Amino acid sequence: MEVAQRVLLCEFVRRLLTLLVPCSLQGRALKRIGAYCREVMHRPIKEQWEGLKRKVQGHYGYYGITGNAEALGRFRYEVTRIWRYWLGRRGAKGGVTWEKMHRWLEWFPLPQVQVVHSVYRLAAKL
C-alpha cells in the first residue's frame with residue numbers, strides 16, 4: 001500500500017470513528033461515573049480519587065485513539081464536574097466551589113488526556 005493510500009485510510013478511519021462513537025456512549029460512561037461518585041461520596045477524597053483515576057484511565061485505554069483527544073478532554077471535564085457535584089452533597093456547608101475543587105485537583109489530579117492507540121501505527125502495518 002502506498003503512503004498516500006495509507007494517509008487517506010487513516011483520515012477515513014478517524015472520521016468514521018468520530019461518527020461511530022456517539023455522545024450516548026460517553027453519556028452512559030458518565031452516568032456510571034455519577035453512580036460511582038454517589039456510592040462513595042462519604043468515603044475519603046483520596047479513596048474516591050483512586051477509583052476515579054482507574055475509571056478515567058480505563059476510558060482512555062478503550063477510547064484513546066488518534067483524533068479522539070477532544071472527546072477525551074470533554075470526558076475528563078465532565079468527570080471533574082460530576083465529582084465536584086457529589087463532593088458538594090457531603091455536608092450541610094453548601095456546595096464545593098470551583099476554586100476549592102481546583103485546589104483538590106492539584107493534590108489529586110485526574111489523568112491527563114492520553115492517546116493510547118495510534119491509527120497511523122495501524123495503517124503502517126497494512
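Annotations
Table: residues versus (1) closer than 17 Å to ILE45 by Cα; (2) modelled with pLDDT of 95 or more; (3) out of contact with any Phe, Trp or Tyr (no Cβ under 7 Å at 6 or more places or on another chain).
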| residue | (1), (2), (3) |
| --- | --- |
| TYR62 | no, no, yes |
| THR66 | no, no, no |
| ALA69 | no, no, yes |
| LEU72 | no, no, no |
| GLY88 | yes, no, yes |
| PHE108 | yes, yes, no |
| GLN114 | no, no, no |
| ALA123 | no, no, yes |
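- Residues that are in contact with a helix residue (DSSP H, G or I) (Cβ under 9 Å, 6 or more places away or on another chain), open to solvent by less than 90 Å² (accessible area, probe 1.4 Å), in a helix (DSSP H, G or I) and small (Gly, Ala, Ser) are absent from region 95-107.
- Residue match in region 113-120 (condition: among the aromatic types (Phe, Trp, Tyr), over 21 Å from LYS31 (Cβ atoms) and not in a helix (DSSP H, G or I)): no
- Residue selection: TYR36 fails the criterion of being loosely packed, with under 14 Cβ neighbours inside 10 Å, at pLDDT 90 or above and either within 28 Å of VAL115 (Cβ to Cβ) or touching a Cys at 6+ places or on another chain (Cβ under 6 Å) (or both).
- Scanning region 62-93 for residues that are open to solvent by 60 Å² or more (accessible area, probe 1.4 Å) and outside any helix (DSSP H, G or I) yields ARG89, ARG90, ALA92, LYS93.
- The single condition among (1) more than 27 Å from GLU106 (Cα to Cα); (2) modelled with pLDDT of 90 or more that HIS42 does not meet is (1).
- VAL3 falls short on exactly one of the conditions (1) modelled with pLDDT of 95 or more; (2) loosely packed, with under 12 Cβ neighbours inside 10 Å; (3) more than 14 Å from PRO111 (Cβ to Cβ), and that condition is (1).
The values are calculated or read from the model by the stated rules, or taken from the named source; none is laboratory data. Since the model is a prediction, treat every value here as computed from it, not as a measurement. When we count neighbours, we look across all protein chains shown, and the Cβ atoms used for this are built from the backbone with ideal geometry, even at glycine. In case anyone asks, the SASA skips ligands and DNA or RNA and just uses the protein heavy atoms, side chains included. Shrake-Rupley method; radii C 1.70, N 1.55, O 1.52, S 1.80 Å.
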